[in-house]
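A short reminder: the numbers here are calculations on the coordinates, not readings from a lab. Model, not experiment: these values are computed from the prediction. All Cβ positions, glycine included, derive from the backbone under ideal geometry; neighbour counts span all protein chains shown.
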Amino acid sequence: LSKKVSLFTDSVIRRMTRISDKYHAINLSQGFPDFQPPQPILDRLSQIAYKGPHQYAITWGAQNFRNALASYRSRLLGRSIDPDAELLVTCGSTEAMMVAIMTLVNPGEKVIIFSPFYENYGADTILAGAEPIYVPLNPPYFNFDPDVLEGAFRQHPKALILCNPSNPCGKVFTKKELEYIAALANTYDTYVITDEVYEHIVYKPHVHTYFASLPGMYERTLTCSSLSKTYSITGWRLGHITAPASIIDAAKKVHDFLTVGAASPLQEAALVGFQFDQTYYDDLLALYTHKRQIMLDGLDRAGIIHNTPQGAYYVLLDISEFGFHSDLEFCEVLAEKVGVGAVPGSSFFKEPIHHLIRLHFAKNDETLYEALTRLEHIK
Ligand code: GLN
């Protein structure tokens, strides 16, 4: 076996789904919705079953999918995106991030990662032979220390990974913070790879700023996102990268040899989502705002200390008072005895943090109420 594969474990998030299923627990570990995707997307999917396409799409994404994606991304980024030159369609944002890193980074080069971080970035950097520099986001507001960040930039990293809104801590970076990162990226000539899959799940009064939309930043940003969370189709594995033509040109080659392409019938069905008007996104946000409230109120009732996410659909719970040495062990007991699946916080932190667990709230209200009732009884 290669040395690389001994350097990371399997995904703890996805392991927790298997553990939840084993105990028939309510799975609040791996974040995916248990409700149906939008009806127009489903209607289109059922037509496609008979009419196709069923063969490969163009490697970097079906032409009509990229055309629709380009107008949607142009709207969001506030600039005109060329569907042929500046977009790459991938198998989820998971592939987008991997491709972005492999396209930019040579073995031994450094990549800044904020901690806590979405666990894939650890494995992504190892597989690309990159060397991570972790910069802590400090609880309770998960702010970074500007001097620590500049110290990381002084090591001349090739890229910085920016998960905004952040999974798992729900931080939404302010415009001011992003401008500070932009100034450093300029000074130290560093690329920025964003993971913005929760771009439409940003709770008021917080506002999502696209890093690529800051002055001068489009040129050095690879904006990665996906349709998974926006249209509740996590199993369809549709993601994309938006970046300047010279970067996309190189990324297309990496993607081609990794996967050939994303599923063509699913691209054809999902593209109707890009035509939804603002009401769809307002409703999506209202839905998650409501679910966040159910979750936070329930945790307060149960007397469990937690953060308040500004974006995304996760909450971190402080389990210090339950007297477990290991958050992993706590999560196993929680799944088996209480019937709730969670992710141990340690899988997101570089620092030795073992007193947090992550729950997601992309579930039907009844399911959330039931999970919260179970949690009330653990004290
Ligand atoms: N983003 C989801 C989470 O953090 C899971 C994504 C995945 O498993 N690919 O739970």
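Quick notes on this structure:
- The chymotrypsin sites (Phe, Trp or Tyr not before Pro) of segment 18-79 that DSSP puts in a loop, and whose beta carbon has at most 13 other beta carbons within 10 Å, are 35, 56.
- Cα-based equivalent ellipsoid of segment 244-331: semi-axis lengths in Å, sorted from largest, via gyration tensor: 39, 23, 12
- Segment 56-275: proportion of alpha-carbon pairs further apart than 24 angstrom, %: 38 percent
- Three-way shape label, segment 144-216, alpha-carbon gyration tensor, a/c 1.5: prolate
- The simple Förster model, with R0 at 41 Å and r as the Cβ-Cβ distance, assigns residue 300 and residue 39 a FRET efficiency of 0.75.
- Backbone phi angles across segment 89-106, fed through the Karplus curve with coefficients 6.51, -1.76 and 1.60 (θ = phi - 60°), yield HN-Hα couplings of 8, 10, 7, x, 5, 4, 5, 4, 5, 4, 4, 4, 5, 5, 6, 9, 9, 8 Hz in residue order; Gly and Pro are listed as x.
- Largest-first ellipsoid semi-axes for the chain, taking √(5λ) over the Cα gyration tensor eigenvalues, angstrom: 31, 26, 20
- One decimal place: the segment residue 145-residue 49 gains 29.4 nm when fully extended, by the rule 0.36 nm per residue minus the C-alpha distance.
- Relative contact order for the chain, counting Cα pairs under 8 Å that sit 6 or more residues apart, in percent: 26 percent
- Directionally averaged projected area (convex hull, Cα atoms, segment 55-117), nm²: 6.1 nm²
- With only Cα atoms counted, segment 68-185 has Rg and Dmax values of 15.2, 43 Å.
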